[in-house]
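Working notes for the structure below.
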Amino acid sequence: MNKITMQMHAENYLSERRQLGFSLRNADYAIRSFARYIDELGDHESLTVEVMADWARCDKANSNKPATWARRLYKLRSFARYLQQFEPNTEVPDDTIFGKIGQRLAPHIYSDQEIVDLLAAARRLGPVRGLRGATYEALFGLIASTGLRVSEAVHLQDADVDLKSGMLTIRRTKFAKSRQVPVHPSTTDALRRYRSLRNRHVEIADQSPFFVSTRGRRRGCGLSLRQVHRVFFGLRDQMGWRNRGVSDGPRIHQLRHTFIVRRVMLWHSQGMDVDQAMLALSTYVGHAMVTNTYWYLTGVPELMAVAASKFESFMPSPEVLHA
């Protein structure tokens, strides 16, 4: 009987995980690379963390950064647990080898005025009587008012935007899930104005993209993510925004962060039970786990006061000592 290779284990593992609904876009390459590495060594019985660490150091870019090695090693953890049923001596790597993976960076949270200025700047994009300015104003406004991922907004088809019921259909995006997103009437009105203007410039079918390009050979085609980010960075630099996060500057995706933060802060100011509402918010923005939404309570400075007050509500009042 032929011995099962590590690459066979890898393919079986990836197949099983995908059947469970995991996309594995980030881990796929790493696991296959590791399997080839082990098969070349020819020793499946000594899958120690040292062997895995040696593989992690051999990244294609020849990085000398422990943080890079740590990220590569992290992608092997669930695969290593899977292998233990076949190779009981398999070890599972932890943070003790290269240290912890870097923490999520606090995002730039936009002020109301910054969002107003962004939409105004987008509206002024030339040509004067063209569609380009209206397209980017509507796109950035939709992301800011719904918290959609940039890719979700860009990939909307015309049939996905139901302005009669005020509902967007987001089809199989991150985590291979689809969902429906209700929008505020003011957002519906803005999208209706954009659709009306767009239809005067290009022919549209149900499968056509909602947001379209009007330039050259791409006229009537969907926007590319690269194109959208390039336009945003140009507007950001034009307005000279000051970065309040810890990344290299404000980004489009942080409009999504801002939406979530503002919503939680509004609920808190209204005295609502944030814990009860958090699951609905997590579903609305398409998080796979509600813990991803809870991160904002501690990962964003604007919500630290909310987290602190929630903690204090569970703490007993200090006893007063009388002399």
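Quick notes on this structure:
- The one condition in (1) assigned to a helix (DSSP H, G or I); (2) touching a Leu at 6+ places or on another chain (Cβ under 9 Å) that THR214 fails to fulfil: (1)
- Cβ separations smaller than 6 Å between residues 6+ apart or across chains give the following pairs from segment 275-297 residues that are at negative phi to residues that are of a type in the set (Phe, Trp, Tyr): ALA277/TRP267; ALA288/PHE175.
- If only residues of segment 158-174 that are open to solvent by less than 70 Å² (accessible area, probe 1.4 Å) and under 20 Å from the mean Cα position of the chain (by Cα) are counted, the one that is modelled with the lowest pLDDT is THR173.
- Here TYR74 fulfils each of the conditions (1) open to solvent by 20 Å² or more (accessible area, probe 1.4 Å); (2) at pLDDT below 85 apart from (2).
- Restricting segment 19-40 to residues that are open to solvent by 100 Å² or more (accessible area, probe 1.4 Å) and at pLDDT 80 or above, the residue that is nearest to ALA288 (Cα to Cα): GLN19
- The residue pairs whose first member lies in segment 251-271 and is closer than 20 Å to PHE232 by Cα, whose second member is surrounded by 21 or more Cβ atoms within 10 Å (Cβ to Cβ) and among the hydroxyl-bearing types (Ser, Thr, Tyr), and whose beta carbons are closer than 8 Å, counting only pairs six or more residues apart or on different chains, are GLN254/TYR110; LEU255/TYR110; HIS257/TYR296; THR258/TYR110; PHE259/THR146.
- When residues of segment 112-144 are limited to those that are among the acidic types (Asp, Glu) and open to solvent by 30 Å² or more (accessible area, probe 1.4 Å), the one nearest to MET239 (Cα to Cα): ASP117
The values are calculated or read from the model by the stated rules, or taken from the named source; none is laboratory data. Values in this document were obtained by computation on a predicted structure and should not be read as measured data. We place every Cβ from the backbone using ideal geometry, glycine too, and count neighbours over all the protein chains shown. These area figures cover heavy atoms from the full protein model, side chains too; ligands, DNA and RNA do not enter into them. Shrake-Rupley method; radii C 1.70, N 1.55, O 1.52, S 1.80 Å.
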